[in-house]
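Written below as C-alpha cells is the structure these notes are about.
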Amino acid sequence: MSMKKLRDMIVSPQTTLRDAIAHIDSTGSQLAVVLHEDGRLAGLLSDGDVRRAILRGCDMQAPVADFMNCNPTTASISTTSSELLALMRRKVLRHIPLVDENLRVVEIVTLEVLTGVVEHPNWVVLMAGGLGTRLRPLTKTCPKPMLHVAGKPILEGILENFLEQGFRRFYLSVNYLAETIQDYFGDGTRYGAEIRYLHENKRLGTAGALSLLPTLPVEPILVMNGDLITRMRFDEMLKFHEEHRSSATMAVREYDFQIPYGVVNIDGVRITSIEEKPVHNFFVNAGIYALSPEVRGYIPGDTHFDMPMLFDKLRDGGIVTTAYPLHEYWLDVGRMEELERARSICSASGKDTC
C-alpha cells in the first residue's frame, strides 16, 4: 500500500464516526487507522465496526474511539509475506498493520495484496427489465440500465464493479427492449465472464424473475437492481449474510427526513413539548440482496412478486431475514434529476466509473 493511501486512512481518536466513515469510503479500503498524535497505533475501525454502529443507531458525531478495536492484531515490519498470510487466515483478517519498534504504523497489508483478487462462485442476478417510465423520453428507445453515465451504460458499470471484486457468473433479467441489452453484452466473453439471460415474458417483479432460474443455486446469490450506482463491497455483504446465518439479507440505507414545521406534542389538550423542524431517521431498501438457495422455494412461478413481498413471506414463516447497513456511495438512478446528478458527480471527479 502506498504511503499516500495510508495517510488518507489515518484518523485521530477524536475524529467523529461520520468523518471516519467518509475516510473509509474515500479510500475504498474498508478501514480507518486510528493513530495517537505521536504516530502510535490507537486502534482500527473496520467496515464491520461501522455497520454495527449504524445498526445500533449510534451518534454519528461521537468520537471514533468509542467504536474502534483498541487491540487489533499487528505484525512487525520484518514479518514475511507467507507469515502474514498464515496469520490472516488463522485469525480471519483482511488487514494487518505493520509496526516498527516504537509501535508506529509503517504500512497496512491487505489480504488482496497477498493473494490477489479472490474469485467467487456466487451467481449475480441483475434486474434489467424495467420500463424506466420516470425517465421518458430517454427510455423510449433505450432501456434504463443502458443509459450512459461516465461514458458507458449504467449496467456495464455495475458489471465491471462486480468483475473487479472477483464475481464472474451473471444472470441478466430482461424484458423491455431486451435485445438491446443482449446485443451489447452477449455471452460475457469479452468481459471474461459468463452471462446468461432470464427472459420475462411479462413483468414478474424484483423477486418473481428469480423463478426463471434454470437450476437451484448451490451458493447464496446476489441480486441487484440494474439502475444503481454504488461503491459497496459485495463480498462483505455475503460475509455478513453467512455470519448471521440469514436466508435473505437486504442492503439498507439511512434516510433522513426533516419535517419543515415545529412539531407539537400534546397530551389531550395540553402541550407537552415542541420540537422545531425535527429530523426523523429511517432505513430504506437499497435494492441489493443476498439470498440463500432455499429461498427459491418461496417464490411463486409466473406471478408478479417483489422483494418486499418475499421478505414478508419469509419473515411470516419464521425464516431469518437481516438488514445490511450500507454506508458506501449509493445512488438510485430512477428519475431525471438523479441521472443528471450521477453524470455531474462522475464528470466532476474525472472518473470513468462512479
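Output yes when any residue across segment 98-112 is among the hydroxyl-bearing types (S, T, Y) and over 30 Å from M224 (Cβ atoms), and no when none is.
The initial filter retains those residues of segment 98-112 that are among the hydroxyl-bearing types (S, T, Y), namely 110.
Now restrict to residues that are over 30 Å from M224 (Cβ atoms): none.
No, segment 98-112 contains no residue that is among the hydroxyl-bearing types (S, T, Y) and over 30 Å from M224 (Cβ atoms).
Let me confirm something: among I96, I108, which residue is over 30 Å from V218 (Cα atoms), touching a His at 6+ places or on another chain (Cβ under 8 Å) and either of a type in the set (S, T, N, Q) or not in a helix (DSSP H, G or I) (or both)? Reasoning before the result, please.
Details: I96 fails: touching a His at 6+ places or on another chain (Cβ under 8 Å).
When all the criteria are applied, what remains is I108.
Among the residues that make up segment 42-53, is at least one of them more than 25 Å from T322 (Cα to Cα) and β-branched (V, I, T)?
Quick first cut of segment 42-53, residues more than 25 Å from T322 (Cα to Cα) only: 42-44.
Within this subset, residues satisfying the condition of being β-branched (V, I, T) are none.
So far as segment 42-53 goes, no, none of its residues is more than 25 Å from T322 (Cα to Cα) and β-branched (V, I, T).
Yes/no matrix, rows are residues, columns are (1) in a strand (DSSP E or B); (2) at pLDDT 90 or above; (3) surrounded by 12 or more Cβ atoms within 10 Å (Cβ to Cβ); (4) under 31 Å from the mean Cα position of the chain (by Cα):
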site: H241; (1), (2), (3), (4): no, yes, yes, yes
site: S246; (1), (2), (3), (4): no, yes, yes, yes
site: V252; (1), (2), (3), (4): yes, yes, yes, yes
site: D256; (1), (2), (3), (4): yes, no, no, yes
site: I266; (1), (2), (3), (4): yes, yes, no, no
site: I274; (1), (2), (3), (4): yes, yes, no, no
site: F283; (1), (2), (3), (4): yes, no, yes, yes
site: G287; (1), (2), (3), (4): yes, yes, yes, yes
site: G297; (1), (2), (3), (4): no, yes, no, yes
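Which residue pairs have Cβ atoms under 6 Å apart, sit 6 or more places apart or on different chains, and have a first residue in segment 210-232 that is within 16 Å of I158 (Cα to Cα) and in the same structural domain as L339 (by TED's automatic domain parsing) and a second that is of a type in the set (S, T, Y) and buried (at least 22 other Cβ atoms within 10 Å of the Cβ)?
Filtered contacts from segment 210-232: V223/Y289.
Kindly evaluate L131 against the criterion of being in the same structural domain as T206 (by TED's automatic domain parsing) and under 21 Å from the mean Cα position of the chain (by Cα). Give the derivation first.
On the way: in the same structural domain as T206 (by TED's automatic domain parsing): yes; under 21 Å from the mean Cα position of the chain (by Cα): no.
Criteria not met by L131.
If the Cβ limit is 6 Å and pairs must be 6+ apart or interchain, which residue in segment 16-37 that is part of a loop (DSSP other than H, G, I, E, B) pairs with which residue that is among the β-branched types (V, I, T) and modelled with pLDDT under 75?
none
Is it true that L93 is within 21 Å of the chain's Cα centre (by Cα) and closer than 25 Å to R7 by Cα?
Details: within 21 Å of the chain's Cα centre (by Cα): yes; closer than 25 Å to R7 by Cα: yes.
For L93, the condition - within 21 Å of the chain's Cα centre (by Cα) and closer than 25 Å to R7 by Cα - is met.
The values are calculated or read from the model by the stated rules, or taken from the named source; none is laboratory data. On a predicted model such as this, the values are computed, not experimentally measured, just so you know. Methodologically, a virtual Cβ is constructed for each residue, glycine included, from the backbone with ideal geometry; neighbour enumeration extends over all protein chains shown.
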